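Engineer: Shown below is the structure under consideration.
The numbers here are math on the coordinates, done by the rules we state, and not lab data. Just so it is clear, the structure is predicted and the values come from calculations on it, not from any experiment. Cβ placement follows ideal geometry from the backbone for every residue including glycine, while neighbour counts extend to all protein chains displayed.
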Amino acid sequence: MLIKDFSLSLIGSLLLVICVLVGVAFLTLLERKVLGYIQIRKGPNKVGIYGIPQPFADAIKLFTKEQTYPVVSNYAPYYISPIFSLFLALIVWMIYPMWVGMHNFNLGLLFFLSCTSMGVYTVMMAGWASNSNYALLGGLRAVAQTISYEVSLALILLSFVFLVQSYNVLEFSKGQESIWFIFLTLPLAMMWFASSLAETNRTPFDFAEGESELVSGFNVEYSSGGFALIFMAEYASILFMSMLFVVLFMGSNVSGVFFLVKLVFVSFMFIWVRGTLPRFRYDKLMFLAWKSYLPVALNFLILFAGCMIMTL
């Protein structure tokens with residue numbers, strides 16, 4: 001019986017990872033199409049019908065290219081960090097709220113915070129091990145930014161933990177049966193979305209990859225397979241943050257097609273922001289995290305804690 005349960009959980013995990021990777025492939029296609037139409041052009045449309053196989057053609061091209069590495073780089077961390085980055089981006093999907101299998105565990109949100117904290121180390125390792133000034137600067141920027149916005153993310157999460165009184169992601173679907181949390185806490189939802197953009201190093205917070213001043217940021221020395229893994233990890237994180245936004249704020253009945261529609265819409269918002277907003281100034285990024293989001297998140301936390309004490 002134990003072997004049967006373990007094998008079912010393993011098959012479920014593998015299916016989830018495969019579905020995420022396919023979702024990542026089509027998210028990149030969606031981004032290129034949407035950015036194309038925002039910039040009044042077509043986007044990929046030559047490979048196959050309407051350019052649909054384009055992500056798979058890109059993957060084949062990148063993974064069949066020769067793997068190069070800088071002679072002066074610290075080879076082991078340089079090689080391992082993209083692999084570890086993708087591993088973290090995929091393993092955090094184990095908190096996906098399923099009614100069956102191993103993934104329904106009670107400390108899911110703590111697991112999410114632990115995995116996002118570990119993600120800082122991969123960027124730092126990639127930037128430092130490349131032994132390039134541009135990569136190191138990009139890595140340092142990314143670390144400072146991620147640590148800053150993790151504080152506001154954790155405080156916003158704690159507010160909802162007080163409301164739901166559980167770290168289990170499944171409990172959020174029960175808590176939103178009558179009304180979605182986005183209607184009750186719209187400021188927190190907007191702050192969460194902006195913090196998610198900063199956490200995944202997306203425009204307007206893409207300082208780790210500031211092309212205008214850092215060439216390509218922490219991944220400047222990566223090509224072929226290493227670059228593809230970093231790219232996949234970033235888009236898996238975008239999909240995951242979109243899923244978590246839907247679970248926290250827009251009801252989380254994961255068995256329905258409507259859940260996937262909401263997930264695609266939130267992912268589209270990530271792309272929409274990239275197509276419309278310019279990059280922030282770095283001091284304004286830090287000001288936003290520490291002087292705006294932190295006090296507001298703390299005030300909401302105190303409010304929800306007081307509400308919970310009043311109901312006891």
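Engineer: In whole angstrom, how far apart do the alpha carbon centroids of segment 129-193 and segment 54-102 sit?
Structural biologist: Cα centroid to Cα centroid, the span is 23 Å.
Engineer: Give the calculated FRET efficiency between Met308 and Val71 to the nearest 0.05, with a Förster radius of 51 Å applied to their Cβ-Cβ distance.
Structural biologist: The formula returns an efficiency of 0.30 here.
Engineer: Run the quick spin-label model on Phe268 and Phe6: label points 7 Å from Cα toward the beta carbon, then report their separation in nm to one decimal.
Structural biologist: Distance between the two pseudo-spin positions: 4.4 nm.
Engineer: Please find the FRET efficiency linking Met286 to Ser114, where r is the Cβ-Cβ separation and R0 is fixed at 25 Å, and quote it to the nearest 0.05.
Structural biologist: 0.55
Engineer: Determine the shape class of segment 1-87: with a ≥ b ≥ c the square roots of the Cα gyration tensor eigenvalues, call it rounded for a/c under 1.5, and otherwise prolate if a/b is greater than b/c, oblate otherwise.
Structural biologist: Here segment 1-87 falls in the oblate category.
Engineer: Arrange Ser132, Ser81, Ser224 by Cβ neighbour counts within 10 Å, fewest through most, would you?
Structural biologist: Ser224, Ser132, Ser81
Engineer: Could you grab the relative contact order for segment 1-87? Cα pairs under 8 Å, six or more apart, rounded to a whole percent.
Structural biologist: 15
Engineer: Just want the ordering: Asp283, Asp5, from fewest to most Cβ atoms lying within 10 Å of their own Cβ.
Structural biologist: Asp283, Asp5
Engineer: Compute the projected area of the convex hull of the Cα atoms of segment 139-294, averaged over all viewing directions, and report it in nm² to one decimal place.
Structural biologist: Projected area, direction-averaged: 10.0 nm².
Engineer: In percent, how large is the relative contact order of the chain, given Cα pairs closer than 8 Å and 6 or more residues apart?
Structural biologist: 24
Engineer: Continuing with this model, one more query. So what is the calculated 222 nm ellipticity per residue for the chain, using -39500 (n - 2.57) for each DSSP H run with n of 4 or more, over all residues, to the nearest 500 deg cm²/dmol?
Structural biologist: Helices in the chain give a 222 nm mean residue ellipticity of -23000 deg cm²/dmol.
Engineer: In addition: Could you give P(r) for the chain, binned at 10 Å from zero, as whole percent values over all Cα-Cα pairs?
Structural biologist: The calculated distribution, bin by bin, is 6, 25, 34, 25, 9, 1, 0.
Engineer: Could you list Arg202, Arg281 so that the one with the fewest beta carbons within 10 Å of its beta carbon is first and the one with the most is last?
Structural biologist: Arg281, Arg202
Engineer: Apply the Kirkwood formula to segment 49-119: the hydrodynamic radius equals the inverse of the mean of 1/r over all pairs of different alpha-carbon atoms; give it in Å with one decimal.
Structural biologist: 15.5 Å is the Kirkwood radius here.
Engineer: Ok, one more. Need one number: nm distance between label points at Met190 and Gln165, each 7 Å from Cα along Cα→Cβ, rounded to one decimal.
Structural biologist: Here the answer is 3.2 nm between the modelled labels.
Engineer: Treating only the Cβ atoms of Lys and Arg (+1) and Asp and Glu (-1) as charged, compute the dipole magnitude of segment 2-311 about its Cα centre; round to the nearest 20 debye.
Structural biologist: Taking the Cα centre of segment 2-311 as origin, the dipole is about 620 debye.
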